[in-house]
Amino acid sequence: MKTILIAGGNCGIGRQAARDLLADGHRVVLMGRDQRKGEAALASFGNQADRASFVAANLSTHAGVRDAARRMLDQQDGIDALVHSTGVLTLQESRTADGLHPFFAVNYLSRYHLTQLLLPVLRQAERPVVVMMTAAIPPTDDTDFARFPEFTAFDFGRDRKAVQLGNHHYAAHLTDTEPGLAAAVVNAGAAKTDIMRIAPGT
């Protein structure tokens, strides 16, 4: 039985991944901002909920990520895999408490930050795995990394590629620098989940 942390696992694709992993006999820890969604996700697992737990966390800020990692390290004896399904989709110019655009802060930076903080416990796993879910994008696409990471002012059509490609670069970095750790970026395909709540026509 593996212990798998799913950041963003309280809804959408992350929750479905949790359901599938539970069906395979594993233990899952869901992490998300909304306590009610987390409790609803646990309730939806039925008699498999005894192998699932939820940690409320705000992964859009540095402080929130540090707090989430600290609680995970305090509460879990080990973590075998980390799945990042967190994501926001906003076309507006807004900023987090750290002065970063939410699309960058959640869809890339929180993944890097949380993984780095949990690497000490991941390294203790027999075969540690880190998976990052993101939209499909050809890694060879032209991208303006000169605007990374401030993105002033954020333009979704222009800047999303750098954020999404950041996941690919980080996965490659983990593979190169962490012996025995498998890292991957996955496109789960189009799905109507909460991330699309502000998109036109959904």
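Quick look at the numbers
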{"item": "Any hit, segment 99-112, residues being closer than 26 Å to N187 by Cβ, basic (K, R) and at pLDDT 95 or above", "result": "yes"}
{"item": "Enumeration of residues in segment 50-63 that are touching a residue at least 12 places away in the same chain (Cβ under 8 Å) and either more than 13 Å from Q116 (Cα to Cα) or buried (at least 19 other Cβ atoms within 10 Å of the Cβ) (or both)", "result": "R51, A52, S53, F54, V55, A56, A57, N58, L59, S60, T61, A63"}
{"item": "Boolean, V130 is out of contact with any Gly (no Cβ under 7 Å at 6 or more places or on another chain), of a type in the set (A, V, I, L, M) and at pLDDT 95 or above", "result": "yes"}
{"item": "Leading residue by the ranking (nearest to N47 (Cα to Cα)) among those in segment 1-36 that are touching a residue at least 60 places away in the same chain (Cβ under 8 Å) and in a helix (DSSP H, G or I)", "result": "A17"}
{"item": "Any hit, segment 130-148, residues being under 19 Å from L174 (Cα atoms) and part of a loop (DSSP other than H, G, I, E, B)", "result": "yes"}
{"item": "Scan of segment 94-117 for residues that are surrounded by fewer than 16 Cβ atoms within 10 Å (Cβ to Cβ) and either on the phi < 0 side of the Ramachandran plot or of a type in the set (V, I, T) (or both), ordered by number", "result": "S94, R95, A97, D98, Q116"}
{"item": "Residues satisfying the stated conditions in segment 40-54, i.e. under 19 Å from the mean Cα position of the chain (by Cα) and in a helix (DSSP H, G or I)", "result": "A41, L42"}
{"item": "Count of residues meeting criterion [crowded, with 19+ Cβ neighbours inside 10 Å, over 18 Å from Q16 (Cα atoms) and polar (S, T, N, Q)] in segment 76-93", "result": "0"}
{"item": "Sole exception among (1) closer than 23 Å to N187 by Cα; (2) modelled with pLDDT of 95 or more; (3) touching a Leu at 6+ places or on another chain (Cβ under 9 Å) for T3, by number", "result": "(3)"}
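Residue by residue, here is whether (1) modelled with pLDDT of 95 or more; (2) over 16 Å from V65 (Cβ atoms); (3) in contact with a strand residue (DSSP E or B) (Cβ under 6 Å, 6 or more places away or on another chain) holds:
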{"position": "A81", "(1), (2), (3)": "yes, yes, yes"}
{"position": "G87", "(1), (2), (3)": "no, no, no"}
{"position": "S94", "(1), (2), (3)": "no, yes, no"}
{"position": "R123", "(1), (2), (3)": "yes, yes, no"}
{"position": "A135", "(1), (2), (3)": "no, yes, no"}
{"position": "A146", "(1), (2), (3)": "no, yes, no"}
{"position": "R158", "(1), (2), (3)": "no, yes, no"}
{"position": "A162", "(1), (2), (3)": "no, yes, no"}
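The values are calculated or read from the model by the stated rules, or taken from the named source; none is laboratory data. As the structure is a prediction and not an experimental result, all values here were calculated from the model. Counting neighbours? That spans all protein chains shown, and the Cβs are built from the backbone with ideal geometry, glycine included.
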